[in-house]
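Below is one structure, written out as structure tokens; the observations come after it.
The values are calculated or read from the model by the stated rules, or taken from the named source; none is laboratory data. Here the structure is a predicted model, which is why all the values come from computation and not from measurement. With ideal geometry, Cβ positions are generated from the backbone for all residues, glycine too; neighbour counts draw on all protein chains shown. Protein only, heavy atoms only, side chains kept; ligands, DNA and RNA dropped before computing areas. Shrake-Rupley method; radii C 1.70, N 1.55, O 1.52, S 1.80 Å.
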Amino acid sequence: ETYLRKSYYKTASLICYACRSTALLGGHAYGSTVATACEEFGFHLGLAYQIQDDILDFTAAANVLGKPALADMDLGLSTAPILYAAQEYKQLRPLVMRRFKDKGDKQTALEYLYKSDTAMDKARTLARFHAQRAVDALLRLPQSEARDALVRLTHAVITRKK
């Protein structure tokens, strides 16, 4: 829950309100079905994007990402893959709680993550869940080329490699 809240404030809130704003600028009332669907689309797209970004932090090379790998861990932040690994390996929880501050914490956390049979799959499932919810929100809008493009964008968000 805390992870999703952080992801909302970091990424999803911007996309969420940008999407609602486009509906308002398009002449739809604040509480309209269209504005609400656009906001829900942005909320879930933003979460899917951030979760995928967090997965890539562990699976893509820094030169592919265009940013340092493991940046969140350097900041003491736990993301979905690590949190799911901590569900599987209770020994990981103290490292998460102390925000990977002790020498060797990051390396130990990575070892548990890569040893996990389920953590990355659960994180990918969470990203797909939010992507599907984004598409569900879009499907409440009238069919159009723009809506279809947003569905394709949602797919691109969770299948991207950088």
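Which of the aspartates and glutamates could a cross-linker bridge to residue 115, judged by Cα under 18 Å and excluding same-chain residues fewer than eight apart?
Correct list for residue 115: 54, 57, 88, 105.
Which helices pass in the chain if a helix is a full DSSP H run, must span at least 24 angstrom along its long axis by Cα, and must have mean Kyte-Doolittle hydropathy not below -1.0?
Passing helices, by number: 33-59, 119-138.
How far, in nm, would the chain grow between residue 161 and residue 136 when pulled straight, counting 0.36 nm per residue and subtracting the alpha carbon separation?
6.6 nm
When Lys and Arg each count +1 and Asp and Glu each count -1, what net charge do the other residues less than 10 Å away from residue 158, Cβ to Cβ, add up to?
That works out to +3.
Lysines within cross-link reach of residue 6: Cα-Cα under 22 Å, excluding same-chain residues under 8 positions apart?
Result set, ordered by chain and number: 67, 101, 106, 122, 162.
Give the list, by residue number, of cysteines in the chain with no other Cys Cβ closer than 4.7 Å, or say none.
Here 16 come out as lacking a disulfide-compatible partner, given the Cβ-Cβ threshold of under 4.7 Å.
What is the dipole size for the stretch 76-125, taken about its Cα centre, with +1 at each Lys and Arg Cβ and -1 at each Asp and Glu Cβ, in debye to the nearest 20?
For the stretch 76-125, the charge dipole is close to 220 debye.
As a test of the definition: which semi-axes, in Å, follow for the chain when you take the square root of five times each eigenvalue of its alpha carbon gyration tensor? Largest first, please.
Rounded to whole Å, the semi-axes are 34, 15, 13.
Could you calculate the FRET efficiency of residue 107 with residue 152 from 1/(1 + (r/R0)^6), where r is the beta carbon distance between them and R0 is 41 Å, rounded to 0.05?
In this case the efficiency is close to 0.60.
Ignoring ligands, DNA and RNA, what percent of the 1.4 Å accessible area of the stretch 34-162 is carbon and sulfur?
Exposed carbon and sulfur together represent 57 percent of the surface.
With every protein chain present, what is the per residue accessible area of the stretch 111-155 (1.4 Å probe, Å²)?
Value for the stretch 111-155: 63 Å² per residue.
Let's test the formula: R0 of 25 Å, r as the Cβ-Cβ distance of residue 143 and residue 21. What FRET efficiency results, to the nearest 0.05?
That gives a FRET efficiency of 0.65.
What order, most packed first, do the peptides 52-58, 94-100, 78-84 have when packing is the mean number of other Cβ atoms within 10 Å of each residue?
With the highest mean Cβ count within 10 Å placed first, the list reads 78-84, 52-58, 94-100.
Where the centre of each part is set by its Cα atoms, how far does the stretch 86-153 sit from the stretch 6-58, in angstrom?
Using only Cα atoms to place each centre, the spacing works out to 17 Å.
Rank 130, 28, 44 by mean-square fluctuation in a GNM of the chain with C-alpha springs under 10 angstrom and give only the top-ranked residue.
Comparing 130, 28, 44 in the GNM, the peak value goes to 28.
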